[in-house]
Amino acid sequence: MSDEMTLYLQVWRQKDSKSKGGFQNYKVENVSGDMSFLEMLDMLNENLAREGKDPIQYDHDCREGICGACSCMINGEAHGPGKKTTTCEMHMRHFNDGDAIIIEPWRAKAFPVLKDLAVDRSAYDKIIMAGGFIEVKYGNAPEANSMMVGKEVADFAMDNAACIGCGACAAACPNASAMLFTAAKTTQLSLLPQGKVESKKRVQSMIKKMDELGFGNCTNERLCEAACPKGISIISIARMNREYMGTLLKSDY
Amino acid sequence: MSSLKLDSKVPQGDIKTLWEDYKFNAKLVNPSNKRKFTVIVVGSGLAGASSAATLSELGYNVLNFCIQDSPRRAHSIAAQGGINAATNYQGDGDSVWRLFYDTVKGGDYRAREANVYRLAEVSNNIIDQCVAQGVPFARDYGGLYSMRSFGGAQVSRTFYARGQTGQQLLLGAYSAMEKEVAKGGVKQFTRREMVDLVVVDGKARGIIVRNIITGEIERYAADAVLLGTGGYGNVFFLSTNAMTSNGSAAWKAYKRGAAFANPCYVQIHPTCIPVHGELQSKLTLMSESLRNDGRIWVPKSATETRKATDIPEEERDYYLERKYPAFGNLVPRDVASRNAKNMTDEDKGVGETKLAVYLDFKDAIERLGRDVIEARYGNLFEMYESITDENPYETPMRIYPAIHYTMGGVWVDYNLQSTIPGLFVLGEANFSDHGANRLGASALMQGVADGYFVIPYTLGNYLGSEKLDKVSIDHEAFNTVEKEVQARFDKFMNIKGTKTVDHFHKQLGKLMWEYVGMARTEEGLKKALVEIPKVREQFWKDLKIPGDSKDLNIELEKANRVADFFEIGELMARDALNRAESAGGHFRLESQTEEGEAKRNDEQYCNVSAWEYTGDNQEPVLHVEELTFPNVPLTQRSYK
Ligand code: FES
C-alpha cells in the first residue's frame with residue numbers, strides 16, 4: 001500500500017538493572033498509519049523473535065490508555081508528541097515516511113530501568129501506601145446518598161481521580177518530581193467529604209514518602225502537566241501545597 | 001471411575017433469606033486466630049484486590065500476586081460503563097427482586113438462582129462501600145447520584161464515573177489493599193504469574209509462580225487459595241482483553257481437579273471499534289452506554305457507496321429499532337451483536353472492511369445539544385477519534401462486535417469454592433452468576449460482590465470448619481509440582497523451531513472466531529475439534545523461543561499462556577458441541593426461532609455443564625448440575 005512507511009528507530013537496550021545500556025538502531029518497514037505505536041514495536045519484536053534475537057521489553061497491557069502500563073520516551077517526550085495520549089494510544093499516522101524515532105525508558109532516579117524500556121515504578125505504589133486511601137473498614141460504610149456533593153466538586157474530584165499512575169509526570173520533570181501524581185490523589189480525596197477527615201495526615205505522609213523515595217522538588221516547570229495523558233492540571237499541585245502549608249501552620253496548636 | 005461430585009451447597013429455604021441465614025449459621029474464625037491463617041489471592045483486579053483488602057482488614061495474612069508491575073493495572077481498570085445496584089434512587093421501580101429477575105433472564109436461565117439473588121442483594125452495599133472509599137460516581141446538580149440505564153435494563157440502576165467506572169472502582173479496591181500492605185496484612189508480589197496449583201491431601205495449599213523479571217520459579221504455601229484471575233477471552237487472539245489477560249491460572253486449577261463449567265459461554269460485545277488490519281494486537285471497546293443515545297443503522301441497500309452523512313433517512317435501516325420496538329438500541333449484548341453480524345452477512349456492512357455498522361449520534365446531538373453528549377461520552381468520542389481519525393460528532397461511528405467477556409469458568413458452589421476444597425474462585429474466573437450471557441454493568445458488580453461481601457463469610461466458614469495441618473513449601477507436593485513446571489518451561493525452550501508464539505496464537509484465534517464464535521454449527525464445531533489439535537501439535541513442534549528461561553523472556557511467558565489457550569479452545573468447542581441449543585452467548589444455528597432468535601432447549605439443557613480433566617490425551621468427563629427456577633419462571637427471552 002502506498003501509505004506505508006519506513007522508519008528508523010533508535011531504541012534503548014539494557015539487559016537488566018545492573019548492566020549498562022545503549023542505543024541500538026532498527027529499521028522497520030511497512031508501517032501503516034492505522035497501526036498503534038506499540039503495534040509497530042510488536043512488528044519489530046516479531047521480526048526479532050523470528051531471527052532468534054531478544055525482543056525489546058516494554059510495559060503495556062490494556063492498550064487503550066487506562067492501565068498506565070505503557071511508558072516510553074519518544075523523541076524526548078513522555079508518551080510521545082500527541083497531547084493527552086499514552087504511548088499505546090498513539091497512532092503511526094502522526095509520523096512520516098523516513099522519520100527517525102528515538103525511544104527511551106522513563107528517566108527518573110526513583111524509576112530504575114529493569115530491562116530495555118521497562119522501569120520499576122513501585123515507588124508510586126509506595127506513595128499510595130503512605131496515605132492515598134480513605135480509612136474505611138469493610139462493612140462500615142454509610143448509605144451512599146447520605147452525603148451530598150455538588151456536581152462541580154464531584155467533577156473536579158473525578159478529574160484528579162483519572163490519574164493512571166503511568167509515571168509520565170515524573171519522567172517529564174527535570175527534577176523527576178512526583179508532585180502531580182501525589183497531588184492528584186490528595187486532591188481527589190480531600191475534595192470529598194468522606195476523605196476530608198484524614199486530609200492533613202494524608203498530605204504530610206504522602207509528601208514525606210515522595211521525598212524519601214528520591215523524587216525531586218517541584219520548581220514549577222509545568223512539564224508534568226504537558227506530559228500527563230489524562231490532562232491533570234497543576235492547579236492540583238498548588239492545592240496540595242496550600243494544604244501542606246496549612247498542616248505546617250496548624251501542627252503546633 | 002471419577003470421584004468428582006457437583007454439590008452446589010445452596011442452603012434450603014426462602015431465596016430472600018438464604019444469605020442472611022447462611023451468614024448467621026456460618027462458622028466463624030475467632031479474631032485472634034485469623035492471623036494464624038494465610039490466604040493466597042491470585043490477581044489484583046476487582047475480585048482479587050477487594051478480597052485481599054477485606055480479608056486483611058479482618059485479620060488474615062494475605063499474599064497477593066499480580067502479573068503487572070502494579071496491582072492497579074489489572075484489567076478491571078478498563079471497564080468503562082458502570083456498575084449496577086438496586087438502590088432505586090431514581091424511584092423508577094427498581095428493587096433487589098427486579099435486579100435478580102433481570103439477571104436470571106438476561107443470563108437466559110443458565111445461572112444458579114441462589115447465587116444471583118445474593119448478588120442482587122449485596123449490590124446496594126457495594127455502592128456504599130465504594131463511595132466510602134472515595135469513588136467519585138457521577139452526581140447531578142442537586143448533589144445526589146446520577147444513574148443511567150444500561151443494555152437490557154428498563155430502569156436506571158447503573159452508577160458510573162464518566163466512562164471510567166472500572167478504573168474508579170479498581171483504584172478504590174487497590175488503595176484499600178495498599179493501605180493493608182502498609183500495615184503488613186497483605187504482602188504484595190508484582191510481576192509474578194501463577195503457573196501451577198499445589199494440592200496436598202486433596203486440598204489447595206499453595207501455588208507455584210514464575211517471577212517475570214528473573215525467570216525464577218517460586219513457591220508459596222497457604223491455608224486457602226483464591227483465584228481472581230479473570231476470563232479466557234484472549235483465546236481468540238483479538239479481544240477487548242488486555243494483552244496479559246489469560247486463562248492459565250483457571251486452567252491449572254482444572255488440571256489439578258477443579259471442574260470447568262460452561263466454557264462455551266462467551267460474550268461478544270456489540271460496540272467495539274472494527275478491526276483495521278492483520279497486525280492489529282487487540283480490539284478496543286466503546287462503552288455500550290453509547291447505545292443509550294446512539295442509533296444503530298446500516299444502509300438499506302447492499303450496494304450503497306455513499307458517505308454515511310449523504311445517505312438519506314429513508315434509505316437507512318435502523319434494524320434494532322425496527323425489529324425490537326420495545327428495547328430498540330438497548331437490546332442485550334448478544335442480540336445486538338448477532339444482528340450486526342446478520343447485517344454484514346447480508347453485505348450491508350460499512351467502512352473499508354465492510355465489517356462494521358453505524359452508531360449515529362446526530363439525532364441525540366440535535367435533541368440534547370452537543371454539550372450534553374460531550375459531557376456524557378466526551379472521552380469515548382476522543383478515544384474513537386484518536387484510533388480511527390474520524391470525528392463522531394460529525395460522522396457516525398463504525399462499530400462491530402468483539403470478544404469481550406467469558407461467562408464460563410471454574411465451577412464453584414454457593415461458597416464460591418471449586419471442586420478442590422480450599423480453592424475459591426471469584427469474579428470473571430468463575431462461572432456462577434451470569435449464566436449464558438452477562439448483562440451490561442454486571443461484571444464490576446460481581447467482582448466486588450464476591451470480594452467484599454461473599455468471600456469473607458464463605459472463606460471463614462471453610463477455615464472455621466476444616467482441620468488444616470501445617471504445610472510448608474518444603475512439602476513433597478511442592479517439589480513434584482515445581483519439577484513439572486520446570487520441565488514444561490524446558491520443553492518450550494528446547495523445541496527450537498521456526499515460528500513465533502503469535503504466529504500460532506493467530507491461527508488458533510482464527511479457528512475460534514470462525515467455528516466457535518458468534519454463530520456455531522455442529523459441523524463447524526466438529527471441524528474445530530479436528531483443526532485445533534492439529535495447530536497445537538505444530539505449536540509444540542515448531543515453536544521458537546529466543547533467549548533464556550532464567551531471564552525476563554516475554555516470548556516464553558506468551559508460549560506458556562498460548563499452550564493453555566489451545567486446550568481451553570478445544571474444551572470450548574467440545575462444550576459448544578455438546579450444548580445443542582442456543583442460550584445467551586452461545587448461539588447454535590440449528591437452534592433458533594423463526595425470527596432468528598436464540599432458542600433454548602430447557603428439556604435437555606436446563607443445566608450447567610462442568611468438565612472434569614482426566615489426562616492429557618483423554619476426553620474430559622462431563623458432569624451436569626441441573627438448574628431449577630422456582631422464582632423466575634422459565635420463559636423464552638423476548639425483547640420485542
Ligand atoms: S497499555 Fe495501558 S495505558 Fe497504555
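Just so you know, all these numbers are worked out from the coordinates, no wet-lab data involved. Quantities reported herein were computed from a predicted structural model and do not represent experimental measurements. As a convention, Cβ positions derive from the backbone with ideal geometry for all residues, glycine included, and neighbour counts pool all protein chains shown.
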- The relative contact order of the stretch B:483-607, taking Cα pairs under 8 Å that sit 6 or more residues apart, comes to a percentage of 30 percent
- Item | Cα-based helix-to-principal-axis angle, B:113-132 vs chain B, degrees rounded to 10 | 90 degrees
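Viscosity 0.890 mPa s, temperature 25 °C: give me the Stokes-Einstein translational D for the protein assembly as shown in µm²/s, with Rh taken as the Kirkwood radius over C-alpha pairs.
The Stokes-Einstein estimate is 89 µm²/s.
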- If you wrap the stretch B:368-466's Cα atoms in a convex hull and average its projection over all directions, what's the area in nm²? 8.9 nm²
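State the antiparallel share, in %, of DSSP beta bridges confined to chain B, rounding to the nearest 5. Walk me through the numbers before you get to the answer.
On the way: 45 of 64 bridges.
Once the DSSP bridges in chain B are tallied, antiparallel ones form about 70 percent.
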- Item | Spread of Cα-to-Cα distances over 10 Å intervals beginning at zero, given as percent, for the stretch A:196-253 | 19, 47, 30, 4, 0
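State the extension gain, in nm to one decimal, for the chain segment bounded by B:T353 and B:N578, taking 0.36 nm per residue of separation less the distance between their alpha-carbons.
Working: separation 225, 0.36 × 225 = 81.00 nm, distance 3.37 nm.
Contour length minus Cα-Cα distance gives 77.6 nm.
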- Query: Roughly speaking, what is the centre-to-centre gap between the stretch A:1-63 and the stretch B:83-100 when only Cα atoms are used, to the nearest Å?
  - Reply: 49 Å
- Can you give the extra length, in nm with one decimal, that the chain gains between B:N601 and B:Q636 once fully stretched, where that is 0.36 nm per residue apart less the Cα-Cα distance? 11.6 nm
- Task: Compute the FRET efficiency between B:A487 and B:E321 as 1/(1 + (r/R0)^6), taking r as their Cβ-Cβ distance and R0 = 60 Å, and round to the nearest 0.05.
- Result: 0.55
- 222 nm [θ] for the protein assembly as shown, helices only, -39500 (n - 2.57) per DSSP H run of 4+, per residue, to 500? -11000 deg cm²/dmol
- Query: Between Rg and the Kirkwood Rh of chain A, both from Cα atoms, what is the Rg to Rh ratio?
  - Reply: 1.04
- Message: At a threshold of 8 angstrom on Cα-Cα distance, excluding pairs fewer than six apart, so keeping six or more, what relative contact order does chain B reach in percent?
- Response: 20 percent
- Query: Given the options A:A178, A:A157, A:A110, which has the most mean-square fluctuation in a GNM of chain A, springs set between C-alpha atoms less than 10 angstrom apart?
  - Reply: A:A157
- Query: For the stretch A:121-249, treating each Cα as an identical point scatterer without solvent, what Debye log10 I(q)/I(0) comes out at q = 0.22 1/Å?
  - Reply: -1.37
- Under 5 Å, built H, 5+ apart or other chain: amide partners of B:L627: B:N607, B:V608
- Task: Apply 1/(1 + (r/R0)^6) to the Cβ-Cβ distance of B:N342 and B:D363, taking R0 = 22 Å, and write down the FRET efficiency to the nearest 0.05.
- Result: 0.40
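Write down Rg/Rh for the stretch A:5-115, rounded to two decimals, with Rg from the C-alpha atoms and Rh from the Kirkwood relation over Cα pairs.
0.94
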- Message: In whole Hz and in residue order, list the ³J(HN,Hα) couplings for the stretch B:270-286 that follow from phi through the Karplus curve 6.51 cos²θ - 1.76 cosθ + 1.60, θ = phi - 60°; x for Gly and Pro.
- Response: x, 10, 10, 6, x, 5, 9, x, 4, 8, 4, 9, 7, 10, 10, 8, 10
- Task: List A:M147, B:M147 from most exposed to least, where exposure is judged by having the fewest other Cβ atoms within 10 Å.
- Result: A:M147, B:M147
- Note on the structure: Between the Cα axis of helix A:235-250 and the main Cα principal axis of chain A, the angle (0 to 90°, nearest 10) is 40 degrees
- Item | Computed over chain B, Cα set: Rg, Dmax in Å | 23.7, 74
- Message: If I stretch the segment between B:E590 and B:K5 completely, what's the gain in nm (0.36 nm per residue apart, minus their alpha carbon distance), one decimal?
- Response: 207.5 nm
- Query: Relative to the longest principal Cα axis of chain B, at what angle does helix B:476-495 sit, 0 to 90 degrees, rounded to 10?
  - Reply: 50 degrees
- For the stretch B:483-607, using Cα atoms only, the Rg and Dmax in Å read 18.0, 58
- Note on the structure: If each part is reduced to its alpha-carbon centroid, the stretch B:454-516 and the stretch B:378-403 end up apart, in Å, by 38 Å
- Centre separation in Å (Cα based) which lies between the stretch B:567-631 and the stretch B:127-171: 34 Å
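Quote the Stokes-Einstein diffusion coefficient, in whole µm² s⁻¹, for the stretch B:270-402, based on the Kirkwood radius over alpha carbon pairs, a temperature of 37 °C and a viscosity of 0.692 mPa s. Display every interim value, and only then the final one.
Numbers: Rh = 14.9 Å.
Translational D for this selection: 221 µm²/s.
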- Those residues of the stretch B:253-271 whose amide nitrogen sits under 16 Å from the label point placed on B:W540, 7 Å along Cα→Cβ: B:255
- Message: What Kirkwood Rh does the stretch B:539-640 have if only Cα atoms enter the pairwise 1/r average? Answer in Å.
- Response: 17.1 Å
